[in-house]
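Before any comments, here is the structure.
The values are calculated or read from the model by the stated rules, or taken from the named source; none is laboratory data. Not measured: the values here are computed from a predicted model. Here the Cβ is made from the backbone with ideal geometry for all residues, glycine too, and neighbour counts use every protein chain on show.
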Amino acid sequence: MMDTPMMPHEFECEDAARQLYDFLDGRLTDATGTSVETHLHACAECAKHYHFAREVLARIPLALADEQVSPALRERILTALRAEGFSG
Amino acid sequence: MSTPTPRDAAFDEAVLAALPHVVRFARSMARDEALADDIVQETYLRAYRAWETFRPGADARRWLFTIARNVFLRGREREARAVDTSGDDAELESLAATSGIADAQRDGIDALLDRIDVAPAIRRALEALPEVYRSTAVLVDVEGASYDEAAEILGIPVGTVRSRLFRARRLLQESLFTYARDAGIVRDAGTGREANG
């Protein structure tokens, strides 16, 4: 299982890498989450890794936010539904 | 236009309101926009016919995503079975991701996010992902589905959702790095070429 609690002194950069997205997605137990946080305070490189990954993840929904449904597609669906009896 | 029946008014409120999300999810599965539109239309027809089976108060988006996924898979059942998921190993992916991020940081991509609009690069990178990774990333990272919800919609184990996300996100970060390198914004690690930006 991915979420195996570890002692802080055993927690190294490779462990931080394994837990990267589980941590950012809030999927870790308190013990493992604390181990990650402790490591990030002590390791500037891993802290940068996490910061970069978090920033990229935050930008993904923004990148797709302006996608619109074309009026033609909406009308096409309504037409198909009305053929089925939809009264809206 | 006549007043909608109570049934259709409820359908309109719960289901038609989710149209932008269904379109986005359909496009995450089908690169071809015309095919995505076909999936959306078929999804809505199936939803309308099965509206009586929808539990009031349930998550309409999740229901529609599941229908859309089934429509998509039925249309390409053979291809779906042939997808190679041998790389769905989360631990391996996490280590690969570490390497990729380390390379990117060494070459200055960390500053990229603050210096340019990365939205076009993210959209291109998502479009370039294999379907299994793209649809998982869109469900979780765009639509906000939990791992469990994504697993149910996609019909795969939660562990596979996790490993596909790892790979999708890694590929996305690699694409951003390539974008930055090609734009001369970060140093080319292979040649030592200096950044322009």
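In this structure, does B:Phe65 turn out to be aromatic (Phe, Trp, Tyr) and modelled with pLDDT of 95 or more? Break it down into steps so the answer makes sense when it comes.
Details: aromatic (Phe, Trp, Tyr): yes; modelled with pLDDT of 95 or more: yes.
Considered against the rule, which asks whether it is aromatic (Phe, Trp, Tyr) and modelled with pLDDT of 95 or more, B:Phe65 comes out as yes.
Quick one: which residue in A:Glu45, A:Glu37 is more than 9 Å from chain B (Cβ to nearest Cβ) and outside any loop (DSSP other than H, G, I, E, B)? So that I can check it myself, show each step before the final result.
Working: A:Glu45 fails: more than 9 Å from chain B (Cβ to nearest Cβ).
The match here is A:Glu37.
Can you tell me which residues in the range A:70-88 are modelled with pLDDT of 90 or more and within 7 Å of another protein chain (Cβ to nearest Cβ)?
Taking the range A:70-88 as the starting set, the residues that turn out to be modelled with pLDDT of 90 or more are A:70-87.
Answer for the range A:70-88, where residues must be modelled with pLDDT of 90 or more and within 7 Å of another protein chain (Cβ to nearest Cβ): A:Leu73, A:Arg74, A:Arg76, A:Ile77, A:Ala80, A:Leu81, A:Glu84, A:Phe86, A:Ser87.
I'd like to check something: does the range B:2-23 contain any residue that is under 21 Å from A:Ser70 (Cβ atoms) and of a type in the set (Lys, Arg)?
no
What residue, of B:Arg31, B:Arg61, is in a helix (DSSP H, G or I) and not small (Gly, Ala, Ser)? Full working, then the answer.
On the way: B:Arg31 fails: in a helix (DSSP H, G or I).
Going through B:Arg31, B:Arg61 in turn, just one is in a helix (DSSP H, G or I) and not small (Gly, Ala, Ser): B:Arg61.
Could you tell me how many of the residues in the range A:48-63 are under 19 Å from B:Arg167 (Cβ atoms), at the interface with chain B (Cβ under 8 Å from one of its Cβ atoms) and either under 9 Å from the mean Cα position of the chain (by Cα) or of a type in the set (A, V, I, L, M, F, W, C) (or both)?
Residues meeting the conditions: 6.
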